[in-house]
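The values are calculated or read from the model by the stated rules, or taken from the named source; none is laboratory data. Computed from a predicted structure; not experimentally measured. A quick note on method: Cβ atoms are made from the backbone with ideal geometry, for glycine too, and the neighbour counts reach across all protein chains shown. To get the accessible areas, we keep the full protein, side chains included, count just its heavy atoms, and leave off ligands, DNA and RNA. Shrake-Rupley method; radii C 1.70, N 1.55, O 1.52, S 1.80 Å.
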Amino acid sequence: MTGLSTSIVAHKLPTNPMCPLIKQKLRKFKPDMSLKIKDEVTKQIKANILQVVEYPTWLANIVPVSKKDGKVRVCVDYPDLNSTSPKDDFSLPNIHILIDNCAKHEL
């Protein structure tokens, strides 16, 4: 989503302030996978999708997922962060249907 300005679109997760901050233990990867992860993360930093943070309050490891074409999709699994987020009382289970219906309209 390189065309979006970060001044317009920003993502913030609400968390319970009473929960302790958690930093996951660092995982190690094979050297060839480490190079693929580094390339993907560097590409996302240059596109301003990711930011480098010196002193993170939460830390979750990268989960590399190999794609069929040999590239690597970089994901982050936040099980500890998910457990501290408030549950949504009004979830949207069929959000994909709502978005598909709105796709044909200008506004």
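At a glance:
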item: Complete set of residues in the range 68-77 that are open to solvent by 80 Å² or more (accessible area, probe 1.4 Å) and within 18 Å of residue 42 (Cα to Cα); result: 71, 73
item: Residue 84, sole failed condition from (1) in contact with a Cys (Cβ under 6 Å, 6 or more places away or on another chain); (2) open to solvent by 100 Å² or more (accessible area, probe 1.4 Å); (3) of a type outside the set (Lys, Arg); result: (2)
item: Test: residue in the range 66-78 that is closer than 24 Å to residue 7 by Cα and of a type in the set (Asp, Glu); result: no
